[in-house]
1. Give me the pairs: first residue in segment 192-207 and within 18 Å of Gln172 (Cα to Cα) and modelled with pLDDT under 95, second residue in a strand (DSSP E or B) and not acidic (Asp, Glu), beta-carbon distance under 8 Å, and six or more apart or on different chains, which are they?
2. For segment 123-136, how many residues meet the condition of being in contact (Cβ under 8 Å) with a residue 24 or more places away in the chain, within 21 Å of Phe188 (Cβ to Cβ) and surrounded by fewer than 22 Cβ atoms within 10 Å (Cβ to Cβ)?
3. Which condition from (1) under 28 Å from Glu119 (Cα atoms); (2) touching a residue at least 40 places away in the same chain (Cβ under 8 Å) is the one that Thr81 breaks?
4. Take the residues in segment 92-122 that are part of a helix (DSSP H, G or I) and modelled with pLDDT under 95; name whichever of them is surrounded by the most Cβ atoms within 10 Å (Cβ to Cβ).
5. In segment 88-95, is there at least one residue being in contact with a Cys (Cβ under 9 Å, 6 or more places away or on another chain), charged (D, E, K, R), under 20 Å from Asp217 (Cα atoms) and in contact (Cβ under 8 Å) with a residue 12 or more places away in the chain?
6. I need a count of the residues in segment 138-148 that are surrounded by fewer than 21 Cβ atoms within 10 Å (Cβ to Cβ), assigned to a helix (DSSP H, G or I) and not acidic (Asp, Glu).
7. So which residues in segment 168-187 are outside any helix (DSSP H, G or I) and exposed (fewer than 14 other Cβ atoms within 10 Å of the Cβ), if there are any at all?
8. Quickly run through segment 188-215 and pick out the residues that are under 24 Å from Tyr142 (Cα atoms) and either of a type in the set (S, T, N, Q) or surrounded by fewer than 16 Cβ atoms within 10 Å (Cβ to Cβ) (or both).
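The values are calculated or read from the model by the stated rules, or taken from the named source; none is laboratory data. Everything numeric in this text was worked out from a predicted model, so none of it was measured. Heads up, the Cβs are rebuilt from the backbone with ideal geometry, glycines too, and the neighbour counts pull from every protein chain shown.
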Amino acid sequence: MNTTVPEGIELAKAVVARSAEVPAEVKLIVATPFTHLVPVAEVVKGTVVGLSAENCADHAKGAYTGEVSADMLVSAGCEYTILGHSERRQYYGETDAKLVEKTKLALGAGLKVILCVGENLDEREAGKHFDVCEEQIKNVLYNFTAEDMKSIIVAYEPVWAIGTGKTATAEQAEEIHAFIRKVVCEEFGAQVADDLTILYGGSCKPSNAKELFAQPDIDGGLIGGAALKADDFIAIALSF
């Protein structure tokens with residue numbers, strides 16, 4: 001919940017202006033608040049920059065005042081939506097069951113899904129981080145097919161490393177990313193697991209991006225605060 005619409009448009013323009021510096025194999029996506037989607041879609045139209053929403057509703061349409069459906073997102077110009085972000089889980093009680101419904105609707109509307117998983121500080125300190133991530137993956141993704149998985153990206157968020165002063169090391173991040181790939185492999189096979197894009201989402205910034213992205217199972221970043229400055233966002237993209 002950052003930037004006004006004019007500020008968001010300017011940020012998107014700044015990202016587009018520098019996007020040519022980024023290698024073609026690095027995919028850039030901007031994820032904006034609902035209010036920004038239509039004008040930002042115009043900014044990124046015809047460029048290499050993709051557009052994502054930050055969430056979508058768990059119903060297709062109807063009397064759900066204040067909600068935004070997957071079809072609405074597509075009509076606004078979206079290609080992607082983020083689902084299950086740690087803040088949605090923590091503050092708005094989003095459950096794995098609800099995320100199954102959201103993912104079905106998003107995929108059915110033609111969106112690609114960026115599904116977030118990850119453990120909080122208590123779970124990490126209790127040594128439950130593998131169990132938590134495995135449960136979230138199984139509860140949501142095991143409801144889908146190998147074909148569906150072609151339109152799904154997983155983002156690992158160590159919730160304990162976001163705004164707490166604690167930082168996940170590249171080794172800790174890689175360990176979980178490799179584990180997530182293993183859990184996906186068990187259900188869908190090696191090809192789907194190998195093809196799956198897994199993003200790291202825990203305070204990734206220009207100073208640590210290169211070390212994180214050097215890990216074999218970290219395919220990119222779900223960037224938070226650092227994405228509010230175009231130069232920082234592009235610097236992270238240039239860290240591959």
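1. Gly201/Cys116; Gly201/Ala155; Gly201/Tyr156; Gly201/Gly221; Gly202/Tyr156; Cys204/Gly221
2. 3
3. For Thr81, the failing item is (2).
4. Leu121
5. Checking segment 88-95: not a single residue is in contact with a Cys (Cβ under 9 Å, 6 or more places away or on another chain), charged (D, E, K, R), under 20 Å from Asp217 (Cα atoms) and in contact (Cβ under 8 Å) with a residue 12 or more places away in the chain.
6. Of the residues in segment 138-148, 3 are surrounded by fewer than 21 Cβ atoms within 10 Å (Cβ to Cβ), assigned to a helix (DSSP H, G or I) and not acidic (Asp, Glu).
7. Selection gives Thr169 alone.
8. Gly189, Ala190, Gln191, Asp194, Asp195, Thr197
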